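Here, each number is a calculation from the coordinates, and none is a lab measurement. A quick note: this is a predicted structure, and the numbers were derived from the prediction, not measured. Don't worry about glycine lacking a Cβ; one is built from the backbone with ideal geometry, like all the others, and counts go over all protein chains shown.
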Amino acid sequence: MSAPPLTRGLLGTGDPSLAAHLATHGPLPHDGDPAAVAGELTGRGGAGFPTARKLQAVAEAARAARVPAVVVGNGGEGEPASAKDATLLARSPHLVLDGLQLAARAVGADTVVLAAGHPQLGGLDRALAERGDRGRVRLVGLPDRFLAGEESALVSAVDGGPPLPRGKVPPVRHRGVQGRPTLVQNVETLARLALLARGDAAAGHTLVTRHTAGRVDVAEVPLGARLVNVLPLDPGTRALLVGGYHGSWLPTAVAADLTLERSGLASVGASLGAGVLAALPADRCGLRETAAVVGYLAAQSAGQCGPCLNGLPRIAAALELLARPGPRPPGLLADLERWAGLVVGRGACTHPDGSVRLVASALRVFTPELAEHAAGRCTAVPGVPAFLPVPGGAR
Ligand SMILES: Cc1cc2nc3c(=O)[nH]c(=O)nc-3n(C[C@H](O)[C@H](O)[C@H](O)COP(=O)(O)O)c2cc1C
Ligand code: SF4
């Protein structure tokens, strides 16, 4: 499948002003059903849920509860390897604000919130002032934490509570902000909705954050493109990380045959997640990189549930030992695999599941490195800096 061309992209000209926005995109049409224009659009916050179905579900929940819904734009981007939402908010804030307006219309919301990292708030406040929407859209600053963008954590933060997941039941579409039916939609999804309302083929493209040796950038690419055309691979690329820190490592040979769309990625156990693509350079160690990331993930939960309290710290410690060349306790690898299996499906949110997905893929893809480490050697160049970003520098 190859996507139709996009006439106007999401990343704009780099001028975030309302004048530049209107010159590029024109005004937002006032008629039309936003749920209908959403069409095939799927969420870009990670899970890829169909947007039209979500808009309809929240509208129905609000009608049934006889209260106006709440709409929250999710720009928290807790994933350290992702930069697409911050880039979008900095370059095209008015597309996101247009999308919020459409979503509010679709679900019958009287309260509209845009949650984002603190560095983004100044630019968003200026954009709201430009369009006379200060006071109509509430800006909420989120801490730079992995879990802050999970939808129930986001709802808690918007209500003035801790930015931590509260669990899946009841779903936020029934009881979210102030106990009201709430639509949480990623900011890229909202911006795509704003392009779709203007007749653009926005559903067939996606933002990705690309990590290669010495370079990190954000690009808008067609879904259905060959992965190697989206992320050029050096001959020495050891493996690819697809989907971010809840994603999966793939061997380079497998990645070379893949197209960037959900069913193809699912067939090799991967998902696009929030669009992170990283090509591990030849001089780095995939086990070392994964151990650092999993140490960070384990430290991110508040340990409210068993899998995060007991499971993830143990898993992170075992992985840390496996990532070091030299002798290891007997049975450590088998223990790690067993612990990883035990946490799946046991948390109030999917943080443990996503974290062990990454671990399991690393153990599959970096089997040669495991053997090298057991023999006291590492294939990485000594002293080479970390490849994947880990806040706090956990190494
Ligand atoms: C641990 C965790 C962290 C998440 N972080 C984010 C995030 O930073 N930004 C985001 O948009 N969605 C994040 N999500 C997904 C949200 O819960 C939610 O599904 C999403 O914002 C819905 O928007 P969408 O349908 O437009 O994708 C996260 C989910 C989990 C489980
Ligand atoms: S599973 Fe982990 S991250 Fe999710 S709510 Fe429970 S303790 Fe928090």
- Query: Which three extents, in whole angstrom, do the alpha-carbon atoms of segment 175-328 cover along their principal axes, largest first?
  - Reply: 61, 49, 29
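Please report, in debye to the nearest 20, how large the charge dipole of the chain is about its Cα centre when each Lys and Arg carries +1 at its beta carbon and each Asp and Glu carries -1 there.
Dipole about the Cα centre, nearest 20: 620 debye.
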- Cα point-scatterer Debye curve for segment 117-187, base-10 log of I(q)/I(0) at q = 0.16, 0.19, 0.22, 0.25 Å⁻¹: -0.60, -0.81, -0.99, -1.14
- Quick one: if the Förster radius is 30 Å, what FRET efficiency do Ala317 and Ser263 give, using the C-beta to C-beta distance and rounding to 0.05? 0.25
- How large are Rg and Dmax for segment 166-215 when only the alpha carbon atoms are used, in Å? 16.3, 46
- So Val169 and Asp125, fully extended at 0.36 nm per residue minus their Cα-Cα distance, gain in nm 12.5 nm
- Task: Any chance you could run the full-extension gain for Ala65 through Ala334? It's 0.36 nm times the residue separation minus the Cα-Cα distance, nm to one decimal.
- Result: 91.8 nm
- Query: What list of ³J(HN,Hα) couplings, whole Hz, do you get for segment 129-143 from phi and the Karplus terms 6.51, -1.76, 1.60, once you set θ to phi - 60° and write x for glycine and proline?
  - Reply: 4, 4, 9, x, 10, 4, x, 8, 10, 8, 8, 10, x, 10, x
- Task: Take Trp339, Trp249 and order them by how many other Cβ atoms sit within 10 Å, fewest up front.
- Result: Trp339, Trp249
- How far, in nm, would the chain grow between Arg324 and Ala23 when pulled straight, counting 0.36 nm per residue and subtracting the alpha carbon separation? 102.8 nm
- Rg and Dmax [Cα atoms of the chain; Å; Rg one decimal, Dmax integer]: 21.3, 67
- Message: Positive end of the dipole of the chain, charges at C-beta (+1 Lys, Arg; -1 Asp, Glu), about the Cα centre: which of Ala340, Ala213, Phe387 has its Cα farthest in that direction?
- Response: Ala340
- Message: Please compute the modelled spin-label separation between His30 and Arg215, points set 7 Å along Cα→Cβ, answer in nm with one decimal.
- Response: 4.6
- Report P(r) for segment 286-393: all Cα-Cα distances, bin width 5 Å, range 0 to the bin holding the largest distance, values in whole percent. 2, 13, 24, 25, 18, 12, 5, 2, 0
- Task: Using per-residue counts of other Cβ atoms within 10 Å, averaged over each peptide, order 366-375, 43-52 from highest down.
- Result: 43-52, 366-375
- Task: Would you order Arg66, Arg126 from fewest to most other beta-carbon atoms within 10 Å of each residue's own beta-carbon?
- Result: Arg66, Arg126
- Ala374-Arg346 FRET efficiency (beta carbon distance; Förster radius 41 Å; 0.05 resolution): 0.85
- Relative contact order for the chain: what is it in percent, counting Cα pairs under 8 Å that are at least 6 residues apart? 17
- Message: Explain nothing, just the number: relative contact order of segment 250-353, from Cα pairs under 8 Å at least 6 residues apart, as a whole percent.
- Response: 21
- Reciprocal mean inverse distance between Cα atoms of segment 44-193 - Kirkwood radius, Å: 14.9
- Query: Considering the dipole of the chain built from charges on the beta carbon (Lys and Arg +1, Asp and Glu -1) around the Cα centre, which of Gly149, Thr350, Leu11 is farthest to its positive end?
  - Reply: Thr350
- Message: Only bridges whose two residues both fall in the chain count here: according to DSSP, what percent of them are antiparallel, nearest 5?
- Response: 45
- Quick one: dipole size for segment 286-393, taken about the Cα centre, charges +1 on Lys/Arg Cβ and -1 on Asp/Glu Cβ, in debye to the nearest 20. 80
- Task: Answer with one residue from Leu312, Ala239, Gly75: the one whose Cα lies farthest towards the positive end of the charge dipole of the chain, charges on Cβ with Lys, Arg +1 and Asp, Glu -1.
- Result: Leu312
- Note on the structure: At R0 = 45 Å the Cβ-Cβ FRET efficiency linking Gln178 and Arg364, nearest 0.05, sits at 0.50
- Item | Helix axis angle, 187-197 relative to the chain longest principal axis, alpha carbon, degrees | 40
- Going by alpha carbons, how many degrees (0 to 90, nearest 10) lie between the helix axis of 312-322 and the longest principal axis of the chain? 40
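Based on Cβ point charges of +1 for Lys and Arg and -1 for Asp and Glu, what charge dipole magnitude is obtained for segment 18-203 about its Cα centre, in debye rounded to the nearest 20? Before the final figure, lay out each step's value.
Values: 21 positive and 18 negative charges, 84 e Å.
Using only the charged Cβ atoms, the result is roughly 400 debye.
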